[in-house]
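Let me begin by presenting the structure, written as structure tokens, before commenting on it.
The values are calculated or read from the model by the stated rules, or taken from the named source; none is laboratory data. Just so it is clear, the structure is predicted and the values come from calculations on it, not from any experiment. Note: ideal-geometry Cβ built from the backbone for every residue, glycine included; neighbour counts use all protein chains shown.
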Amino acid sequence: AATSDAVTQVKNIQSVVLGKWEIETWYYSPLPPEYTGLNTLYVCEFTLKMFRSREALERHWARNPRRHPPGTEIYRKDHISVFEVDGARNRIYAQNLCYISKLFLDHKTLYYDVDVFWFYVMCEVDELGCHLVGYFSKEKVSDEHYNVACILTLPPYQRKGYGKFLIALSYELSRREQVRGSPEKPLSDLGLLSYRSYWSQVLIDLLREAPHPLSIEEMAERTMMKTEDIIGTLRALDIIQYYEGQHIIDLRKVQDMKLGSRGLPFDPQALRWTPPG
Ligand code: ACO
């Protein structure tokens, strides 16, 4: 859901220290008052606890040996891992994740009620631990069949294909639930660019590989995308026309289409997950 008030509010934190990065923030976030009015906010990348100084963060590390997010590790391949975090069981972690992501999102309502969301937290793994790189949240129950509420790649990791990895994961969860999904609207500019790029690749690959022309319905069945996203994407690529009550796809344009970079490959075989309940 969009807010009009958040858009006009000015940045209240200039940078966040997270793991090895000091990241300049983009937008206002309604952080608890004890953390605002600071130039720099110090955040533990494993527990997401927030501190006003580096010394306090280091004391926290000395006391807390945990070097990964809470929740269940549901994906591990090469140096990438994903944890599923229940917002109700890890409320402080989930709220802090929302506060931090709001620093890079200008249009989303911050959900204080994190209980009703799952959080899929993506990490790069090395000998020091599992380092947060991005995440998406997902309503436990969505009447509109949204499969992503909020998606973020932390700025130092953007444009490396991690967003596409997260989007591919969100559609694989939809596939296992047997529910066609779509991200919550409105999308940000960067959100729309990323989804358009992901959707285009998936659909063009599908159309190129199909032994016979596919209907929109068949494409939805195979990709778990909603038909309106399929039609919107094919229209934006200018390869579909509506003619005498039918959608006609220009297969020559499909063959000639140039696609962007592939993103970090998501391997469904490395996902250990079945729908809850
Ligand atoms: N300029 C132009 N195109 C871009 C840019 C950019 N800055 N960022 C992403 N794209 C497009 C490109 O087409 C890119 O593919 P390419 O590199 O092959 O050209 C494609 O999006 C995907 O890029 P990824 O590297 O897979 O995505 P990334 O890891 O950068 O994450 C994300 C994308 C999550 C949207 C990131 O930009 C982000 O966190 N932005 C801030 C938060 C935000 O706006 N989130 C989406 C809100 S909408 C929602 O939550 C449902």
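Within 16 Å of the ligand (Cβ to nearest atom), surrounded by fewer than 21 Cβ atoms within 10 Å (Cβ to Cβ), in the same structural domain as Phe51 (by TED's automatic domain parsing) and touching a residue at least 40 places away in the same chain (Cβ under 8 Å): is that true of His131 in this structure?
When the stated conditions are applied, His131 does not pass them.
Just a yes or no: is a residue in region 147-167 more than 9 Å from the ligand (Cβ to nearest atom), closer than 23 Å to Lys226 by Cβ and touching a strand residue (DSSP E or B) at 6+ places or on another chain (Cβ under 7 Å)?
Yes, the conditions are met somewhere in region 147-167.
Just checking, which of Leu57, Leu31 is part of a loop (DSSP other than H, G, I, E, B), assigned by TED's automatic domain parsing to the domain that holds Phe119 and surrounded by 14 or more Cβ atoms within 10 Å (Cβ to Cβ)?
Result: Leu31 is the single residue among Leu57, Leu31 that is part of a loop (DSSP other than H, G, I, E, B), assigned by TED's automatic domain parsing to the domain that holds Phe119 and surrounded by 14 or more Cβ atoms within 10 Å (Cβ to Cβ).
Quick one: is Ser182 of a type in the set (S, T, N, Q) and within 12 Å of the ligand (Cβ to nearest atom)?
yes
Has region 251-259 got at least one residue that is assigned to a helix (DSSP H, G or I), without any contact (Cβ under 8 Å) to a residue 40 or more places away in the chain and of a type outside the set (Asp, Glu)?
Looking through region 251-259, at least one residue is assigned to a helix (DSSP H, G or I), without any contact (Cβ under 8 Å) to a residue 40 or more places away in the chain and of a type outside the set (Asp, Glu).
List every residue pair whose Cβ atoms lie under 7 Å apart, where the two residues are 6 or more positions apart in sequence or sit on different chains, the first residue falls within region 135-158 and is more than 19 Å from Leu48 (Cβ to Cβ) and of a type in the set (Lys, Arg), and the second residue, located anywhere, is more than 7 Å from the ligand (Cβ to nearest atom) and assigned to a strand (DSSP E or B).
Listed by first residue and then by second, the contacts come to Lys140/Phe117; Lys140/Trp118.
Conditions: (1) modelled with pLDDT of 95 or more; (2) near the ligand (Cβ under 10 Å from one of its atoms). Lys108 meets all but one. Number of the miss?
Just one mismatch for Lys108, condition (1).
Taking only pairs six or more apart or across chains, which ones have beta-carbon atoms under 7 Å, a first residue in region 236-250 that is under 13 Å from Ser200 (Cα atoms) and touching a residue at least 40 places away in the same chain (Cβ under 8 Å), and a second residue that is surrounded by 15 or more Cβ atoms within 10 Å (Cβ to Cβ) and of a type outside the set (Val, Ile, Thr)?
Ala236/Arg196
Within region 230-266, can you find the residues that are within 16 Å of the ligand (Cβ to nearest atom), touching a Lys or Arg at 6+ places or on another chain (Cβ under 9 Å) and not small (Gly, Ala, Ser)?
Thr233, Leu237, Met257, Arg262, Leu264, Pro265, Phe266
Among the numbered criteria (1) buried (at least 16 other Cβ atoms within 10 Å of the Cβ); (2) on the phi < 0 side of the Ramachandran plot, which single criterion is violated by Gly71?
Single failed check for Gly71: (2).
Yes/no matrix, rows are residues, columns are (1) under 26 Å from Thr274 (Cα atoms); (2) of a type in the set (Ser, Thr, Tyr); (3) in contact with a Gly (Cβ under 8 Å, 6 or more places away or on another chain):
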| site | (1), (2), (3) |
| --- | --- |
| Glu24 | no, no, no |
| Ala56 | no, no, no |
| Pro65 | no, no, no |
| Tyr75 | yes, yes, no |
| Ser101 | no, yes, no |
| Phe117 | yes, no, yes |
| Glu124 | yes, no, no |
| His131 | yes, no, yes |
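What single numbered condition from (1) part of a loop (DSSP other than H, G, I, E, B); (2) modelled with pLDDT of 95 or more; (3) over 30 Å from Pro265 (Cβ atoms) fails to hold for Pro70?
Of (1) part of a loop (DSSP other than H, G, I, E, B); (2) modelled with pLDDT of 95 or more; (3) over 30 Å from Pro265 (Cβ atoms), only one is false for Pro70: (3).
May I ask you to verify whether Lys140 is in the same structural domain as Gly87 (by TED's automatic domain parsing), out of contact with any Lys or Arg (no Cβ under 6 Å at 6 or more places or on another chain) and within 14 Å of the ligand (Cβ to nearest atom)?
no
Can you tell which of His212, His145, His131 is farther than 26 Å from Ile80 by Cα, at pLDDT 95 or above and of a type outside the set (A, V, I, L, M, F, W, C)?
Among His212, His145, His131, only His145 is farther than 26 Å from Ile80 by Cα, at pLDDT 95 or above and of a type outside the set (A, V, I, L, M, F, W, C).
Mind counting the residues in region 75-117 that are over 18 Å from Gly161 (Cβ atoms), buried (at least 16 other Cβ atoms within 10 Å of the Cβ) and without any contact (Cβ under 8 Å) to a residue 60 or more places away in the chain?
Count: 15.
State yes or no: is Ser200 at pLDDT 95 or above and within 22 Å of Val82 (Cα to Cα)?
When the stated conditions are applied, Ser200 does not pass them.
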